[in-house]
Amino acid sequence: MKGKISGNQALFMLSGESILVDNFLFTRWVKHDIPDMPRKPVDDFPLEYPPDQQVLRASKKLGLFNAFRLACHPVPERINACQPGKYYFIVDLFRASLDYQRPGVRKRYPDFDAFIPDYYDSIFRILKAYPETSWGVVCGEMDSCCVWPQKYFSGKKEAYRFWKKTFFHQGVGSNRPASLFAYLKDRGIDYRQANLMVQGAMLFAVHHYYHWGFRFVWLERGCGLSNLQLGVAFLRGAARQYQGFWGLDFSTHHPHRNQPTWYDHQGRRRGGWSESLMLRSWLTGFLSGAHLVHEETSNYTHWVYKSSGQFKLSLAGQYAKKLADFALRKHPERGQTVTPVALLVNFYHGFDARHSIHLQQPFVWGNRVPVTAEDWQLSNLLEFFFPGQAQAWGMFDEAFNPAVPWKTQWEYLKMLQDGMDMRPYEVGHLVNSRFGDCLDVLVDTVTLKTLTNYQIVFLGGQLNFSPRLLATLTKYLKNGGLVVAAVNQLPEDFLRSLGVRRAGRKWEYDLTFCQECGKAFGGDRYQYDLLFVPGAKILGENHLGHPLAFQIPVGKGTLVLTAVVFSQDIAARRILPLFAHIFQKYITPVLPVTTHPRPLQTIFNQASSFLLLGAINNSAHRWKGSFRIQEGKGRQVTQIMDIWNEKIISSGKTTVPFCFNDEIEAFGFKVYQLSLTKEEK
């Protein structure tokens, strides 16, 4: 029952909900006054809950999805309605404890342990019958719901052991891993070979899932979580490192009332995130190479309902229809995403970016390991590549953003109902990345084969420099790779082998200078080592003439070494501006595309007959400028076409590298296809 990984690009599932809500769940919401979904009469939602079976039929007729997710109660009627085999089928395996509480179940199965085999058998029959198109989800967001202990861990490895035990044995909420994995063992099913997915929500756990043997991991974004591009960088990097599948689940649950995007009977949006952010997020997933993009709560977000039971597509639904036409029918071939830069971090890092109202700074292992300078460096490097990502979520709260025109969630909801444009406040979730979306995140169990796929490797935090890792990085350098690191991130023996000598540690607070262009930078206190590196090129100095950055040859490759602890200021607020300036000089030449005069979110894919450039403007200002195409040097481009809007930008042969000009409206995007002539053999 093992599905195929066909080059990791052939598979693409655009997924919506099938049966999301029924009377059993609705009654529970009312009983416990859970506001997560709009409902009559508490909200102005026209119905108690959507008519899911009718919506499912309408979704198929309109071609909104090629995959459907069944969240709970996997009885034959519901499974058959999803038509496994004709459509990709995704079914949750972590609702057994919830479904056990349904009327009549306890009478038939007085004991929960007796219920489990029949419950899972009904699901695995489908997974076995349709091994190429069906997937089971073993857990739901256990990482974001993990019940961390009250005491601090002694270190990150102890935290990891606790997390792994929780995942496989203890469980959280409706997740009952002990029962599931006991069932798998009893039935002789190896979860590492079966079509089983993990649904997560936190960055810290992504690589662990693959390391444990799961082949498919998808991550929830939106919904009070950190920036979507960070999720892509961690997921795609992990999937490439471990040869797996990856996906995104964009949740529109909003900090004000925690409800998804929904509409009243007049078609006015009354909750959730804007349709613009939804579309840009879905498109980011598709262009970035995701194997799954799940449109969460689509039964609410995609439709406008009348109290009579009639319904039609909402604005979000219309956008979903256009995306499905684009990704599933008109332009399903997207090539391979080009990411020349890797960020290498410790397997036990435990890091998560700031998000939500109550987590407005980076945190490590559920806040049960103190955040130190190495964790801040990881945060600062991510901010360097994705400036503004740290603003995700908090900007809707008056306490963090006094510029918002509302003081309470009810004032916000009234303004939303009256039609206020909320896009300018949806900052941080998607940003105009400094170098485009060029980054993958890897962990320090990486092999040389994987590392060789990247032209530049940044070290993030403190790695576990085992002899194997040191040999891998050394070979990568000698073979022509480029590594960027601070002096305190590398082993002393390795530094000595390169001729690096220390003469003490100092701190300073004054101007720093780029040796190449003479540009001056200032305003940061920093701690640095007095270094002497014979034969190295000095890239930057401070006002005392002490070198702060070096270019050191290593075989055919280059080590860019900074003398400043973690390359950041003492307060760990940011990467020193001097280093940001120097790093940019190395990154820019290896990028597949650059933009001028201002950055955009760019995603660049390469196929045999075309180049694909997604250009997304996540700002409130119209973008006007030029693109310089650098990937595919020497290839001839015969035509540039905006295939989303089906508009030719230019015709006539031109050779890479070259530039072309265009404009993109605020919160808009274009998808350019650059047709290539056939390569001569």
Subset of region 362-393 that is under 12 Å from Asn227 (Cβ atoms) and in contact with a His (Cβ under 8 Å, 6 or more places away or on another chain) - its residue that is least open to solvent (accessible area, probe 1.4 Å): Ala392
Any idea which of (1) under 21 Å from the mean Cα position of the chain (by Cα); (2) within 24 Å of Pro84 (Cβ to Cβ); (3) surrounded by fewer than 24 Cβ atoms within 10 Å (Cβ to Cβ); (4) modelled with pLDDT under 95 is the one His253 doesn't satisfy? (2)
Restricted to region 442-471, and to residues that are touching a residue at least 12 places away in the same chain (Cβ under 8 Å) and in a helix (DSSP H, G or I), which residue is nearest to His349 (Cα to Cα)? Leu469
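With the requirement that a residue be open to solvent by 20 Å² or more (accessible area, probe 1.4 Å) and out of contact with any Lys or Arg (no Cβ under 7 Å at 6 or more places or on another chain), what does region 173-190 give you?
Taking region 173-190 first, the residues open to solvent by 20 Å² or more (accessible area, probe 1.4 Å) are 173-174, 176, 178-179, 181-182, 185-190.
Across region 173-190, the qualifying residues are Gly173, Arg176, Ala178, Ser179, Phe181, Ala182, Lys185, Asp186, Arg187, Gly188, Ile189, Asp190.
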Using beta carbons and a limit of 8 Å, which pairs, at least six apart or on different chains, have the first residue in region 486-506 and aromatic (Phe, Trp, Tyr) and the second one in a helix (DSSP H, G or I) and open to solvent by less than 70 Å² (accessible area, probe 1.4 Å)? Phe494/Leu470; Phe494/Thr474
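Report whether or not Leu531 is of a type outside the set (Ser, Thr, Tyr), touching a Pro at 6+ places or on another chain (Cβ under 7 Å) and either at pLDDT 95 or above or assigned to a loop (DSSP other than H, G, I, E, B) (or both). So that I can check it myself, show each step before the final result.
Working: of a type outside the set (Ser, Thr, Tyr): yes; touching a Pro at 6+ places or on another chain (Cβ under 7 Å): yes; either at pLDDT 95 or above or assigned to a loop (DSSP other than H, G, I, E, B) (or both): yes.
Yes.
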If you scan region 642-681, which residues turn out to be at positive phi and not in a strand (DSSP E or B)? Glu646, Phe667
Specify the residue that is least open to solvent (accessible area, probe 1.4 Å); the eligible residues are those in region 609-627 that are over 20 Å from Leu279 (Cβ atoms) and of a type in the set (Phe, Trp, Tyr). Phe627
Select, from Ala353, Ala327, the only residue that is small (Gly, Ala, Ser), open to solvent by less than 10 Å² (accessible area, probe 1.4 Å) and within 18 Å of the chain's Cα centre (by Cα). Ala353
All positions within region 493-521 that are open to solvent by less than 70 Å² (accessible area, probe 1.4 Å) and either part of a helix (DSSP H, G or I) or closer than 24 Å to Thr372 by Cα (or both): Phe494, Leu495, Gly504, Glu508
Flag if His208 is in contact (Cβ under 8 Å) with a residue 40 or more places away in the chain, surrounded by fewer than 23 Cβ atoms within 10 Å (Cβ to Cβ) and either touching an Asp or Glu at 6+ places or on another chain (Cβ under 6 Å) or part of a helix (DSSP H, G or I) (or both): yes
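Please note which helices (runs of 4 or more DSSP H) are completely contained in region 1-90 and include at least 2 residues that are open to solvent by 10 Å² or more (accessible area, probe 1.4 Å) and in contact (Cβ under 8 Å) with a residue 60 or more places away in the chain.
52-62, 76-82
Open to solvent by 20 Å² or more (accessible area, probe 1.4 Å) and either among the β-branched types (Val, Ile, Thr) or under 20 Å from Gly285 (Cβ atoms) (or both): which single residue out of Gln639, Gln630, Gln606 fits that description?
Working: Gln639 fails: either among the β-branched types (Val, Ile, Thr) or under 20 Å from Gly285 (Cβ atoms) (or both); Gln630 fails: either among the β-branched types (Val, Ile, Thr) or under 20 Å from Gly285 (Cβ atoms) (or both).
When all the criteria are applied, what remains is Gln606.
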Listed residues Val533, Val554; which is among the β-branched types (Val, Ile, Thr), in contact with a helix residue (DSSP H, G or I) (Cβ under 6 Å, 6 or more places away or on another chain), within 24 Å of Leu490 (Cα to Cα) and open to solvent by less than 30 Å² (accessible area, probe 1.4 Å)? Val554
Of the residues Leu230, Leu248, Leu235, which is under 25 Å from Leu600 (Cβ atoms), modelled with pLDDT of 95 or more and part of a strand (DSSP E or B)? Leu248
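The values are calculated or read from the model by the stated rules, or taken from the named source; none is laboratory data. What you are looking at is a predicted structure, and each value in this text was computed from that prediction instead of being measured. A quick note on method: Cβ atoms are made from the backbone with ideal geometry, for glycine too, and the neighbour counts reach across all protein chains shown. All accessible areas refer to the heavy atoms of the entire protein, side chains included, with ligands and DNA or RNA removed. Shrake-Rupley method; radii C 1.70, N 1.55, O 1.52, S 1.80 Å.
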